[in-house]
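Since every read-out is calculated from the coordinates, none of them should be taken as a lab result. As the structure is a computational prediction, the values presented were derived from the model and not from experiment. Note that we place each Cβ from the backbone using ideal geometry, even for glycine, and neighbour counts take in every protein chain shown.
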Amino acid sequence: MSALEIHVFLCRKDNIGVLVHAEDGTTAAIDAPDAAAILAALAETGWSLTHILVTHHHGDHTAGNLELKEKTGCRIIGPRGEAARIPGIDDAVDDGESFLLGGHRVEVIGTPGHTMGHVTYFMPQDRAAFVGDTLFVMGCGRVLEGNHEMMWLSLSRIASLPGNTRIYCGHEYTIANARFGATIEPENALLRHRLEEAEQRIADGQLNVPTLLDQELQTNVFLRPHNIATRRRLGMGAVADWRVFGELRERKNKA
């Protein structure tokens, strides 16, 4: 089986658009932030849209659903727990289920917290995870519908994937995330180096997505609540990891 082709581009102001193309011609958009941007990316690649894989119901991830469905006839797949809030959905999926996309296995991982029904799509043969707004490059999503413990469990599920998994997230927030992270782990030289690289990429008109999970485990403070230096800096001792995570998320909310 040939490797997937994955095309990443900017949608709206800071949404990440992703097209996933299999050798049989199957092409999926991961979420649909903006129909015009996705149609332009399809024209650029020469691919024909067959599916949209929705991670969660927020409008900046589903705004293009109906127009794209009308113009391409694509099928829309999304989380069962949010099906009533996803325009044009055809197939509802849930945690633990899987399906084939152009012959490539897609595993559905429930990752609630940002929204209650949020899912991640993991393609094990292709070492790619499409995480929506649960995990960002050196950051994570806001906890809007769930709670800190729920969000930490979701992040932990993503963190348990193979380290060479490429992470495709829903927004380009890398610089703000890394600058916050540097205040939490100022001694983390790799984090500082990644911040410098991210700033240069943005200056060059490039995106910082995808990222490798291994890199995130070393530099994303939201995946590192076990870090002793961080706990000391926060004044938190022998408490559960999710409580440290929650303190970090609240501090980022106010940053």
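For this structure, a couple of remarks:
- Residue tally, condition surrounded by fewer than 19 Cβ atoms within 10 Å (Cβ to Cβ), small (Gly, Ala, Ser) and under 25 Å from the mean Cα position of the chain (by Cα), over segment 230-255: 2
- Residue count for segment 151-177, restricted to those that are in a helix (DSSP H, G or I) and of a type in the set (D, E, K, R): 1.
- Among the residues of segment 84-104, not a single one is farther than 18 Å from residue 221 by Cα, touching an Asp or Glu at 6+ places or on another chain (Cβ under 6 Å), of a type in the set (S, T, N, Q) and part of a loop (DSSP other than H, G, I, E, B).
- Qualifying residue in segment 106-127 (condition: closer than 23 Å to residue 210 by Cα, assigned to a loop (DSSP other than H, G, I, E, B), touching a Leu at 6+ places or on another chain (Cβ under 9 Å) and of a type in the set (A, V, I, L, M, F, W, C)): no
For (1) assigned to a helix (DSSP H, G or I); (2) in contact (Cβ under 8 Å) with a residue 12 or more places away in the chain, each residue gets a yes or a no:
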site	(1), (2)
179	yes, yes
187	no, yes
192	yes, no
195	yes, yes
200	yes, no
208	no, yes
218	yes, yes
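- Scanning segment 23-51 for residues that are among the hydrophobic types (A, V, I, L, M, F, W, C), surrounded by fewer than 21 Cβ atoms within 10 Å (Cβ to Cβ) and part of a loop (DSSP other than H, G, I, E, B) yields one hit, 47.
- Long-range neighbours under 7 Å by Cβ, at least six apart or interchain, first residue over 24 Å from residue 157 (Cα atoms) within segment 72-97, second assigned to a helix (DSSP H, G or I) and of a type in the set (Lys, Arg): 76/69; 88/69
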